[in-house]
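Presented below is the structure to which this report refers.
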Amino acid sequence: MASINSVTGGLSSTSSLRGYGGLSSGLDRDTLIEQLTYGTRTKIEQQKQKSDKLQWQQTALRGIIDKGFNFVNTYASYASSATNLSSNLLFSRTNITAIGENSKYVSVTGSANTSDMFSITGIKQMASDAKITGSSISTNKLVFGAMANDFSTTISENVVVGQEIAFKYGDQTIYAKIEADPDLDFSNPEDLAKALNKAFEKTDVIVDNNGTSAKLSKLLSAGVNADGKLTLTSQDGSGNTFEITGGTGSVLEKLGFIGEGENLEESIKLEKGVAIEAKNEASAIKQTTMTEMLAGKTLTFEYNGVKKEIKLSDNLKNMTELKDELQQKLNSAFGKGRINVDLSAVDGSNSKLEFQTMNPSTGQIDKTSTLSIADGSAGMLGASGLFGVNMHTSNRVNLDGKIKDSGLAGTAGLADGQELDLTINGVKITGITADSTVQEVMDAINKSDADVVISYQKNSDRFVITSNQKGASGEIKMEGAFSDVLFGAGTNGKTVSGQDAIISVQYAGEDEAIDIYRDSNAFTMDGMTVSLKGTFGYDKAGNKIEDTEAITFDAKVDTENTTKVVKDMINAFNEILEQVNKELKTKPNRDCNNPLTASQKEDMSESEIKEWNEQAKTGMFYGDSDLRRFANDLRFILPAADRQALSEIGISVSSTYSDNGKLVFDEAKFKAALETDPEKVEELFTRTAGTDAEGNQVSGGLMENMKTVMNRYTGTVGATKGILVQRAGSEHSPLSLLENSMKTQMDSIAKTIDRLLDRLETEENRYISQFTQLESLISQMNNQSSYLSQLSGGY
């Protein structure tokens, strides 16, 4: 069956119906049929107009429902605690202020019910957890490894460390970086193969369309053939393209896969189980001088979070020249006098570079600034690098470094593997040696039964250890020689205890104050949260100072916030009232009070259609009984028994007739009432209907009345929905979208249109058949007439 839109869209059209007409009769069959079916077509258009108007009305009512729903949800629901005027929270005395010359020593929040129940007459001591804070414990130096003083000395340079081999796997390009390893001899092909396999183990590759990741070592391995040349063998059987496409520097040449001075002309394909053999023996190590090796290399320093790259010149001859150049360039990078570069002799032939942060104003060591190595050229950093220092090594304790190499002061005499002597709270910290990292020592302490936590403060360069027990319950007892290394001399044998806060409190009606003990400086007492900020009322010996002014408390409502919420609520209420009255009292435009039909739209522009629809949508609910009752209930929303009392706190009904009962809000009067008698204001807003102790009926307050009226018309919960929701449905009640009177009417109209469409199709078919018969008869008559004409023409 044809749709409503397709049929009604053709009501104004004279387009051809089925078949051909008028060939013999000369009649405009289609136009005649449209005229003959005009009555049915008109009925379809009228039904479509009814459906369109119902949709307009449904949308308009849902707009009112939405506002009513939002009003209740915002101002009369516990789901919106910050704006819920049905709750006593907005009217409670939650702004509590400490009063008196000693009020600076506390801050308070809490309830008005307890603010006048006690005063604080003194704070004898603050609470503190058991804690030991060490002194600066590192050497405060960034130290490089030993280097030959004379740069003309021949040394071995690793020319493959830091270089990358490029592979193509499927449509991915993968880079495997060869990293330094002090345990491997890169001049040995077997160790070089191990270095390649380690690089493959650290390289990720996507192996399927699902994004599954695997290590390159699962697909490729390096080895050495009988001739001592490197080999690469693929274990990949996926059928993906797998090949070597290049590398950084001359890494493929140094590994022997291409000849000296050659370029990789085409990629080297890797096939499963087939070993790719190098052309030449690897030459990862070359003999050079330190001058040549340092030429043009870079080091990146980070000073207090700022990174600067230092490039070395091409003709450095010795350690002194290197020291002087670094000093000059660090002065330029970070400022003169902030970093001092020095040399520390190792023996007669070797020295170490040492960097120390300085205070340019005093010339003294600056223990608060940090300096570290952030990056460097290939071959410069790492245990086997020329400078013998790892990336991120700093002038602070290196938490990832072994104890003896971490920069901790006082570790010079430790032997390899020596057990560290440390006992905390009677618990011996086991499993820590001179070969443990600082972080491993910290982890062992934190995981032990000593019931403490240790941390390292990088900026201040010190360890802090704190008891897990609060206040006076906590104690830290340090024993063992290593405690002096961590926290400074004198820590071994030291015991530190925590303490509770002691507050002198005098309750209302009591003659004497009592001491309250708490394990924290922030605590709850009789419903109030108190935070201590200092001591008062006692001398240094802990004796009470007579005539000390006590701290008292004053509680007030948050007037500004509550006033704003009430103002917003009244504005929202007035918007609903105004919209309901506008729909109710706006008369329809007699010239255009129905939706346009399809035929009418064909003769109009888009702007004309828009203007028509705007006019046609006005007055749809003129005199509507549901909206009249709703408007009347809103007009008398203020409980009759409370109107005078509400007026006294600044809420009244407008005396202007055209306002139709809008509420008027006097902010100044409301604020004054809220400050002087918040309990009265609260009662007017939050009172619930019921029976008092004497059996008398008590009416609900303003918010209960408002919620009752809104729910009566726009309520979306419960078995019985609001009157307007039953009529139009609401998105806030999904079931109502399927069960509402307007939808029932539109469903009925749709069925009527279906029946009319069936009738129209029957009528069209009947008229087409009749016109077809007429055409056939006329055609026969024309043929007979022609035949007779031919006969008469023969005589």
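The values are calculated or read from the model by the stated rules, or taken from the named source; none is laboratory data. Here the structure is a predicted model, which is why all the values come from computation and not from measurement. All Cβ positions, glycine included, derive from the backbone under ideal geometry; neighbour counts span all protein chains shown.
Assorted remarks:
- In the stretch 266-281 there is no residue that is part of a strand (DSSP E or B), under 22 Å from Ala180 (Cα atoms) and of a type outside the set (Gly, Ala, Ser).
- Taking each residue of the stretch 419-441 that is at positive phi and at pLDDT 95 or above and looking for partners that are of a type in the set (Gly, Ala, Ser) and surrounded by 15 or more Cβ atoms within 10 Å (Cβ to Cβ) with beta-carbon atoms closer than 7 Å, six or more apart or interchain, yields Asn425/Ala450.
- Strands (runs of 3 or more DSSP E) completely within the stretch 206-265 that count 3 or more residues being within 19 Å of Ile178 (Cβ to Cβ): 220-224, 230-234, 242-247
- Qualifying residue in the stretch 621-635 (condition: in the same structural domain as Gly701 (by TED's automatic domain parsing) and under 30 Å from Ser92 (Cβ atoms)): yes
- Within the stretch 457-500, strands (runs of 3 or more DSSP E) holding 1 or more residues that are within 25 Å of Ser406 (Cα to Cα) and β-branched (Val, Ile, Thr): 462-467
- Residue check, Glu179 acidic (Asp, Glu), assigned to a loop (DSSP other than H, G, I, E, B), outside the structural domain of Ala378 (by TED's automatic domain parsing) and over 30 Å from Gly376 (Cβ atoms): no
- Residue in the stretch 30-51 that is surrounded by the fewest Cβ atoms within 10 Å (Cβ to Cβ), counting only those that are hydroxyl-bearing (Ser, Thr, Tyr) and closer than 24 Å to Phe771 by Cα: Tyr38
- Condition check for Lys307: loosely packed, with under 13 Cβ neighbours inside 10 Å and part of a strand (DSSP E or B): yes
- Some residue of the stretch 320-330 being surrounded by 15 or more Cβ atoms within 10 Å (Cβ to Cβ), closer than 24 Å to Ala193 by Cα and more than 46 Å from the chain's Cα centre (by Cα): no
- In the stretch 433-456, the qualifying residues are those that are among the polar types (S, T, N, Q) and assigned to a loop (DSSP other than H, G, I, E, B), and the one that is farthest from Ala130 (Cα to Cα) is Ser436.
- Evaluation of Asp515 against (1) assigned by TED's automatic domain parsing to the domain that holds Phe536; (2) over 39 Å from the mean Cα position of the chain (by Cα); (3) surrounded by 14 or more Cβ atoms within 10 Å (Cβ to Cβ); (4) at pLDDT 95 or above (one fails), failing number: (3)
- Residue match in the stretch 618-637 (condition: without any contact (Cβ under 8 Å) to a residue 40 or more places away in the chain, surrounded by fewer than 18 Cβ atoms within 10 Å (Cβ to Cβ) and under 18 Å from Leu85 (Cβ atoms)): no
- Residue in the stretch 757-780 that is among the charged types (D, E, K, R), within 30 Å of Asp642 (Cβ to Cβ) and touching a residue at least 60 places away in the same chain (Cβ under 8 Å) present: no
- Residues of the stretch 592-608 satisfying the condition of being surrounded by 14 or more Cβ atoms within 10 Å (Cβ to Cβ), within 20 Å of Ile44 (Cβ to Cβ) and of a type outside the set (S, T, N, Q): Pro595, Leu596, Ala598, Lys601
- The selection criterion, being farther than 27 Å from Met391 by Cβ, surrounded by 17 or more Cβ atoms within 10 Å (Cβ to Cβ), touching a helix residue (DSSP H, G or I) at 6+ places or on another chain (Cβ under 7 Å) and not charged (D, E, K, R), does not hold for Ile403.
- Considering the stretch 706-730, and only residues there that are part of a loop (DSSP other than H, G, I, E, B) and either modelled with pLDDT of 95 or more or touching a helix residue (DSSP H, G or I) at 6+ places or on another chain (Cβ under 7 Å) (or both), the residue that is surrounded by the fewest Cβ atoms within 10 Å (Cβ to Cβ) turns out to be Thr716.
- Residue count for the stretch 433-450 under the criterion of being over 35 Å from the mean Cα position of the chain (by Cα) and among the charged types (D, E, K, R): the result is 2.
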